[in-house]
Amino acid sequence: MEIINEFLNSIVDIFKSSGFATNDWRNYIMIGIACVLLYLAIKREFEPLLLLPIAFGMMMVNLYPPIMAEPTDAANGGLFYYLYLGVKLGIYPPLIFLGIGAMTDFGPLIANPKSFLLGAAAQLGIFVTFIGAIFIGNLGIPNLSFTAQEAGSIAIIGGADGPTAIFVTSKLAPQLLGPIAVAAYSYMALVPIIQPPIMKALTTKKERSVVMEQLRPVSKLEKILFPIIVTILISLLLPDAAPLVGMLMLGNLMRESGVVNRISNTAQNELMNIITIFLGVTVGATAKGEVFLSPQTIGIVILGLLAFCFGTAGGVLFGKLMYFFTKGKVNPLIGSAGVSAVPMAARVSQKVGQEENPGNFLLMHAMGPNVAGVIGSAVAAGVLISILG
Amino acid sequence: MDPQNEVLLSLTVLLTGLVVVFAMLIFLTIVIKIYGSVIYNTTKKRRESNKPKVEAAPTPAPAPASAPIEVEEGISGEVVAAIAAAVYMTYGVSASRIRSVKRAAANPRSLWGEAGRLENTRPF
């Protein structure tokens with residue numbers, strides 16, 4: 001009899017420590033959301049490199065919350081707690097930028113520096129969304145209001161740049177990192193669906209059919225000087241943007257100099273992949289049920305979409321302005337690529353342009369504003385951190 | 001935050017953000033345009049000055065007779081043409097500068113193995 005009692009007690013103890021007894025209903029909803037994201041990543045291939053680790057991290061933390069536990073006198077912290085320090089301390093996003101820099105060819109931007117203006121105009125979404133996030137509290141919906149720092153972190157979703165969004169949020173509003181990162185990466189994956197209707201609504205058939213002149217060839221010396229000049233100027237003028245822009249340009253200098261191919265290859269492949277795993281899993285692990293399932297998350301999702309739409313519209317409208325002043329030499333469709341989301345947004349410009357004129361190749365022209373958008377959103381991030389930090 | 005402060009903060013961020021982002025990127029546009037055109041023009045001039053000058057002559061001068069290439073027996077004309085093209089791509093000199101084409105001493109190691117070794121040891 002005593003053996004049976006002990007056996008039952010053991011079973012009860014095991015059950016009490018299991019997830020079924022400790023987790024609440026919100027954890028199960030989050031596990032469901034994580035499974036949907038895994039489906040989108042694997043079956044639909046929506047940004048799978050990031051969405052897959054994010055979704056898995058989300059699932060893990062809701063199955064076993066102590067995996068993100070802080071260390072105490074009695075126990076060490078959870079595995080993800082330590083990996084998450086790279087996000088919390090702002091280390092991973094600049095390292096991701098190092099890899100992006102090593103993969104990026106700034107040639108189209110150097111050949112046509114006016115592309116910088118389109119990259120600047122597409123940051124409109126960030127600042128318009130900031131206003132929306134500040135005023136959303138006046139709607140009177142319970143628990144739906146944001147502080148200025150939180151509004152700044154939500155607004156940066158409009159930069160369409162995951163590492164920048166994480167960098168700004170980790171500095172201004174780390175408590176919102178989960179929903180902001182998930183919204184930013186989800187919308188980046190949805191760029192081919194979000195952008196074309198806005199691009200078509202704001203342009204005429206004639207504007208979309210413009211065939212742009214071929215870009216001039218860019219010499220190696222120009223490509224080598226570009227990262228050095230950009231780093232010096234931006235770091236001096238806006239020091240808060242220096243970690244992101246500096247690492248982006250270091251990666252690019254390693255690529256263009258041609259003398260450190262081994263390091264350049266590591267930055268593009270192994271380092272980038274390792275950081276992507278750590279970043280994705282730990283960002284996903286911030287999406288605990290009790291934090292994620294709130295009116296604030298719904299607000300972030302709506303505001304994030306607005307940020308993308310306004311950013312696209314800003315770029316296209318500025319493209320129209322350039323079309324007007326250059327007497328029809330610039331196709332306004334390349335303006336939408338200024339939102340970053342490299343290279344997806346440039347591909348969308350190419351695709352929409354070819355729908356009007358199958359012989360039109362806008363891809364290289366759109367890559368200029370696209371990479372300018374990366375620099376533009378890093379500058380916008382620096383502005384937000386310096387005003388709100 | 002009271003509504004007046006909300007409006008003030010929103011407009012400050014909107015104005016400062018757009019002005020700083022535009023100013024910074026316009027500045028970069030100007031700087032890159034200037035150094036780009038300086039480098040482009042300099043290299044263009046250099047390329048033009050390096051071009052051989054064409055002297056005005058009523059009749060075209062006969063092409064200089066180039067020394068025939070010594071080709072080892074058993075090497076086909078196609079192989080020689082491929083080598084000449086590779087030499088041109090690598091060194092930028094025409095086929096007339098090639099004096100001879102002959103087989104190198106047989107390497108006891110596998111060529112792929114040698115290529116791998118070179119790739120790994122080149123950085124050092």
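The values are calculated or read from the model by the stated rules, or taken from the named source; none is laboratory data. Since the model is a prediction, treat every value here as computed from it, not as a measurement. Positions of Cβ are generated from backbone atoms using ideal geometry, with glycine treated the same way; all protein chains shown enter the neighbour counts. Just so you know, the surface numbers come from the protein's heavy atoms only, side chains and all, with ligands and any DNA or RNA stripped out. Shrake-Rupley method; radii C 1.70, N 1.55, O 1.52, S 1.80 Å.
Couple of notes before you dig in:
- Which numbered condition A:Val316 fails, given (1) at pLDDT 95 or above; (2) surrounded by fewer than 22 Cβ atoms within 10 Å (Cβ to Cβ): (2)
- Looking across A:Phe324, A:Phe278, A:Phe318, one residue alone is farther than 25 Å from A:Met249 by Cβ and in a helix (DSSP H, G or I). It is A:Phe324.
- Qualifying residue in the range A:115-135 (condition: surrounded by 22 or more Cβ atoms within 10 Å (Cβ to Cβ) and part of a loop (DSSP other than H, G, I, E, B)): yes
- Filtering the range A:204-230 to residues that are within 11 Å of chain B (Cβ to nearest Cβ) and either open to solvent by 30 Å² or more (accessible area, probe 1.4 Å) or without any contact (Cβ under 8 Å) to a residue 60 or more places away in the chain (or both) leaves A:Arg216, A:Pro217, A:Val218, A:Ser219, A:Lys220, A:Leu221, A:Lys223, A:Ile224, A:Leu225, A:Ile228, A:Ile229.
- Residue identified as in contact with a helix residue (DSSP H, G or I) (Cβ under 8 Å, 6 or more places away or on another chain) and among the small types (Gly, Ala, Ser) among A:Ala41, A:Ala74: A:Ala41
- Qualifying residue in the range A:105-114 (condition: within 30 Å of B:Tyr40 (Cβ to Cβ) and among the small types (Gly, Ala, Ser)): yes
- Per the conditions (1) at pLDDT 95 or above; (2) under 20 Å from A:Ala122 (Cβ atoms); (3) in contact with a helix residue (DSSP H, G or I) (Cβ under 8 Å, 6 or more places away or on another chain), the sole criterion not satisfied by A:Met254 is (2).
- Selected residue (only one of A:Gly107, A:Gly99 is more than 21 Å from the chain's Cα centre (by Cα) and buried (at least 21 other Cβ atoms within 10 Å of the Cβ)): A:Gly107
- Some residue of the range A:349-369 being within 14 Å of chain B (Cβ to nearest Cβ) and either in a helix (DSSP H, G or I) or of a type outside the set (Lys, Arg) (or both): yes
- Each residue in the range A:231-241 was checked for being more than 21 Å from A:Asp105 (Cβ to Cβ), crowded, with 18+ Cβ neighbours inside 10 Å and more than 9 Å from every other protein chain (Cβ to nearest Cβ), and 1 pass.
- Listed conditions (1) farther than 20 Å from A:Phe308 by Cα; (2) away from every other protein chain (no Cβ under 12 Å); (3) open to solvent by 10 Å² or more (accessible area, probe 1.4 Å) are all met by A:Met344, apart from (1).
- Only residues that are open to solvent by 80 Å² or more (accessible area, probe 1.4 Å) and assigned to a helix (DSSP H, G or I) were counted across the range B:1-12, and they come to 4.
- Where A:Ser257 falls short, out of the listed (1) within 30 Å of A:Lys351 (Cα to Cα); (2) small (Gly, Ala, Ser); (3) open to solvent by less than 30 Å² (accessible area, probe 1.4 Å): (1)
- Those residues of the range A:137-162 which are in contact with a Phe, Trp or Tyr (Cβ under 9 Å, 6 or more places away or on another chain) and modelled with pLDDT of 90 or more, in sequence order: A:Ala148, A:Ala151, A:Gly152, A:Ser153, A:Ile154, A:Ala155, A:Ile156, A:Ile157, A:Gly158
- A:Ser336 part of a helix (DSSP H, G or I), more than 14 Å from chain B (Cβ to nearest Cβ), in contact (Cβ under 8 Å) with a residue 24 or more places away in the chain and within 23 Å of A:Phe127 (Cα to Cα): yes
- Members of the range B:13-31 found to be under 27 Å from A:Phe146 (Cβ atoms), open to solvent by 30 Å² or more (accessible area, probe 1.4 Å) and at the interface with chain A (Cβ under 7 Å from one of its Cβ atoms), listed by number: B:Leu14, B:Thr16, B:Leu18, B:Val20, B:Phe22
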